[in-house]
1. Of the residues in the stretch 236-274, how many are closer than 25 Å to Lys317 by Cα, charged (D, E, K, R) and buried (at least 18 other Cβ atoms within 10 Å of the Cβ)?
2. Between a residue in the stretch 87-116 that is under 20 Å from Pro127 (Cα atoms) and any residue that is assigned to a strand (DSSP E or B) and among the basic types (Lys, Arg), which pairs come within a Cβ distance under 6 Å, given they are 6 or more apart or on different chains?
3. If you go through the stretch 67-101 one residue at a time, how many are exposed (fewer than 14 other Cβ atoms within 10 Å of the Cβ) and under 22 Å from Ser371 (Cα atoms)?
4. Among the residues of the stretch 357-387 satisfying the criterion of being free of Cβ contacts under 8 Å to residues at least 60 places away in the same chain and closer than 30 Å to Ile479 by Cα, which is surrounded by the most Cβ atoms within 10 Å (Cβ to Cβ)?
5. Any idea which of Ala185, Ala233 is touching a residue at least 12 places away in the same chain (Cβ under 8 Å), open to solvent by less than 40 Å² (accessible area, probe 1.4 Å) and among the aliphatic types (A, V, I, L, M)?
6. When the stretch 533-556 is examined, which residues are found to be within 30 Å of Ile239 (Cβ to Cβ), outside any loop (DSSP other than H, G, I, E, B) and out of contact with any Pro (no Cβ under 9 Å at 6 or more places or on another chain)?
7. What residue, of Gly612, Gly535, is farther than 24 Å from Asp466 by Cα and modelled with pLDDT under 95?
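The values are calculated or read from the model by the stated rules, or taken from the named source; none is laboratory data. What you see is a predicted model; the values in this text were computed from it and never measured. We place every Cβ from the backbone using ideal geometry, glycine too, and count neighbours over all the protein chains shown. Ligands, DNA and RNA are stripped out before the accessible areas are found, and what is left, the full protein with its side chains, is counted by its heavy atoms. Shrake-Rupley method; radii C 1.70, N 1.55, O 1.52, S 1.80 Å.
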Amino acid sequence: MRLAFAAVLLAATSAPAIAAPLHSYSGLALSAAGDRVASVEEEEGTFAKPAHGRIVVRSAKDGKILATIDPCAQCSYSGLTFGPGGALAYLQRDRGTGIVALALADGKTTRTIANVKGIAQTPRFSPDGKKIALLVTLNAAKESGATQPGVRQVGEIGETSDEQRLAVFNLAGAPVTDVKPVSPADRYIYEYSWTPDSAGFVATTALGNGDNNWWVATLDAIDASTGAVRNIARPKTQINAPRVSPDGRSVAYIGGLMSDFGAVGGDVWTVPFAGGEPVNATKNDKATVTSLTWTKAGIRDTRLMGANAQVAALGAKGSSILWSKPASFAAGDGRVAYSADGSVIATVVQDYEHAPAIYAGPAMAPRKITSDNDAVAAITKATSVTWTNDGYSVQGWLLAPLTAEPGRKAAMVTIVHGGPSSANTPYFFGDNGPADMIKAGYYVFLPNPRGSFGQGEAFTAANRRDFGGGDLRDILAGIDAVEKIAPVDDDRLGLTGGSYGGFMAMWANTQTNRFKAIVAGAGLSNWISYYGTNGIDQWMIPFFGKSAYDDPKPYVEASAITYIKKARTPTFIYVGERDIEVPPTQSIEYWHALKELGVPTTLMIYPDEGHGIRQPEHVADLRKRVAAWWEKYLGK
């Protein structure tokens, strides 16, 4: 299930913008020489006046703005990437026509390389600097990704799927309008990298439905001229972020138990480019690798270890941590962008108390180079909390309202992240996040129970065939730990989450009466019916072992509907009408049961929404409803 849905849930329960507008940086890229950074920057917008981003190029030394690129008032920008010679490529999507332009800025002029009628993403320069590759979906029926609203299931249902393919463009010549992908038409390309000789790619690919088959993707080589495909490996793990060594002999990738595309976590694996058996290079590291690149100085990766995000170097003798911080890192091509030699890094850093800022500089000591958000004040005090349960050491975050009165107990809402393979990590919430709850005086608890990223693959895999078992016990034990250090009223506890967090909210209602109010976003109530109705059933096999038809017992035992007569807690439920990751029928089934049993409940199905509520009018409505639910059952 979609891990990022937890963030969508939080955005849907946010407060109005804080006094100083939040300045955001997205899609950050670093030049090969390490002297310039580029990102899409914008000021926080409003429903009436949405934000408009612009590309800003800065000095990596001091953050000084060197150039601003914004040729199209009705366009959005993404896919920033520097070429080996210093030119900056980017994607420019016209909201009116839907056409995506691949553009190139060389410091003096800006020109169009290609126009794509459909979806385009992830441009990459060839190592020789003569070509650019691009992932394209021509004549797309829906936006790319399973979290987007699905195509309505009406008429004769078939297996026609969008195809994301590789296209290659020469930098010399006239703009291309008739895009002809080079990769085969029957193969969906997820992630890719050029080979050092600029003759081809390594990629993670799968046949058929791209939304569903990411979990059975293979590692392949693709010829840049002919599109011929050669298999390199068929890993037993989920795979992501393939990267080729500078000498072209080896491929590294992230492999692990991942429950959705976009939420990457696992170990670093390597395999010969010629093919062979993958080897786990970080097998004993008690951390989760979240992004990967292969610089001239060797493999560099980012990790989550407990409360800390880290930058690491991986060599023959193992891993060495270059930089660590209790924060979140973000960049366009992974969590951190690197210079060609790996000596300079750049990333967007934020945590619960500090608004986003760009950091850049030496890999072991980057410095804050932007000050746009220095006047933005935090509304919470964050504390990393650790506790032990069932032999596991577990970590989470406690957010306290700054207005908390000493000695006076307050209500607390626990937010369970999606996934389950994901983690609650620090980020600054301006007009998104649990700001409504914080401003209302509630404490907020963000646990990372077993099944989460941050403590190595064994911890991530610890909830296999045990959904709602050990992870729920970890969460309840975490609440006990919080109550020992904070004035939390145990009689005023709330529980919420989206996607897998929505499942946990529905499930907990049948396992404990400790919570006095629940909000479940796009949750799962019945794993058997879910298996037969969702659009991404392949993600379930690694967790349950077999399909629901081959071994239904663990599916039944983990379903809230199985124990629904034990449910007592008032529950507000919401979901998108066109959600293919967790169809609205799951929410309807749960709501119907609670209604029949006389448990207070409300269900909102928002039209034309996918796995997350995004339309401004729907977000505003949801915020009001959620805030009212907490106030009604937890008090002010």
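1. The total comes to 2.
2. Short answer, once both residue conditions are applied: Leu104/Arg111.
3. 2
4. Checked the stretch 357-387; the qualifying residue surrounded by the most Cβ atoms within 10 Å (Cβ to Cβ) is Ala382.
5. Going through Ala185, Ala233 in turn, just one is touching a residue at least 12 places away in the same chain (Cβ under 8 Å), open to solvent by less than 40 Å² (accessible area, probe 1.4 Å) and among the aliphatic types (A, V, I, L, M): Ala233.
6. Result: Asp537, Gln538, Trp539, Met540, Ile541, Pro542, Lys553, Pro554, Tyr555.
7. Every option except Gly612 fails the conditions.
Here's the yes/no breakdown for (1) farther than 21 Å from Thr388 by Cα; (2) out of contact with any Cys (no Cβ under 6 Å at 6 or more places or on another chain); (3) of a type in the set (Val, Ile, Thr); (4) assigned to a loop (DSSP other than H, G, I, E, B):
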residue	(1), (2), (3), (4)
Gly468	no, yes, no, yes
Asp474	no, yes, no, no
Asp489	yes, yes, no, no
Gly494	yes, yes, no, no
Gly502	yes, yes, no, no
Thr510	yes, yes, yes, yes
Arg514	no, yes, no, yes
